[in-house]
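I have placed the structure first, in the form of structure tokens, so that the comments after it can refer back to it.
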Amino acid sequence: MKYQIIFLGISMLLSGCATVPSTKGELIQASPSSQKYCYSEPLAEVTQRLRSYLSACYRPMTVSGSTFAAGVIIPIQSNIDWSVEEEAIASGTRFTVKGLGKYVLSAQVTGPEPTCSTTLQAFAGNQVWTNRFETLDKVARNEKAECPY
């Protein structure tokens with residue numbers, strides 16, 4: 001099931017059904033959705049949790065499967081060149097996920113603020129990627145979270 005969802009997502013990206021930003025700036029400025037979370041854990045711990053999760057889950061990979069067309073089963077293999085870019089920002093770190101040449105997800109970890117030791121702000125490249133916000137929140141809280149594929 002996970003591979004079918006990946007193929008659907010890849011198909012949407014390649015067919016233009018989903019618009020995804022080409023730069024990190026576009027991702028943050030034009031994000032159709034963002035979410036902000038507040039934690040009592042230290043900035044360094046939350047940052048390391050997100051670094052570990054993102055680098056493990058968003059790395060180059062090959063996805064194999066098949067499709068059915070004109071009465072014939074056609075094998076499909078797709079290489080997805082996922083990468084995670086990490087950069088220092090004012091009072092924290094920004095992680096940006098890139099795949100298929102587009103920026104799809106960003107997580108900014110900063111702190112402290114008056115009411116939070118650490119803040120996570122997540123940005124999605126399109127509505128499809130907003131479902132990753134909950135997973136990023138789980139990772140930041142040190143809860144078990146699986147990779148999306």
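General remarks:
- Listed by first and then second residue, the pairs linking a residue in the stretch 122-133 that is within 9 Å of ALA107 (Cβ to Cβ) and at pLDDT 95 or above to a residue that is open to solvent by less than 30 Å² (accessible area, probe 1.4 Å) and acidic (Asp, Glu), with Cβ atoms under 9 Å apart and 6 or more places separating them unless they lie on different chains, are ALA122/ASP137.
Every residue, every condition in (1) β-branched (Val, Ile, Thr); (2) in a helix (DSSP H, G or I); (3) more than 15 Å from TRP82 (Cα to Cα), yes or no:
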{"site": "LYS36", "(1), (2), (3)": "no, no, yes"}
{"site": "THR47", "(1), (2), (3)": "yes, yes, yes"}
{"site": "TYR53", "(1), (2), (3)": "no, yes, no"}
{"site": "ALA56", "(1), (2), (3)": "no, yes, no"}
{"site": "ARG59", "(1), (2), (3)": "no, no, no"}
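- Subset of the stretch 67-82 [within 21 Å of LYS102 (Cα to Cα) and exposed (fewer than 13 other Cβ atoms within 10 Å of the Cβ)]: GLN77, ASN79, ASP81
- Checking each residue in the stretch 97-149 for being of a type outside the set (A, V, I, L, M, F, W, C), part of a strand (DSSP E or B), open to solvent by 10 Å² or more (accessible area, probe 1.4 Å) and within 25 Å of SER40 (Cα to Cα) picks out GLN108, THR110, GLN121.
- Single unsatisfied condition, LYS98 versus (1) over 13 Å from the mean Cα position of the chain (by Cα); (2) modelled with pLDDT under 95: (1)
The values are calculated or read from the model by the stated rules, or taken from the named source; none is laboratory data. Computed from a predicted model, the values in this text were never measured in an experiment. Using ideal geometry, Cβ is built from the backbone for each residue, glycine included, and neighbour counts are taken over all protein chains shown. In case anyone asks, the SASA skips ligands and DNA or RNA and just uses the protein heavy atoms, side chains included. Shrake-Rupley method; radii C 1.70, N 1.55, O 1.52, S 1.80 Å.
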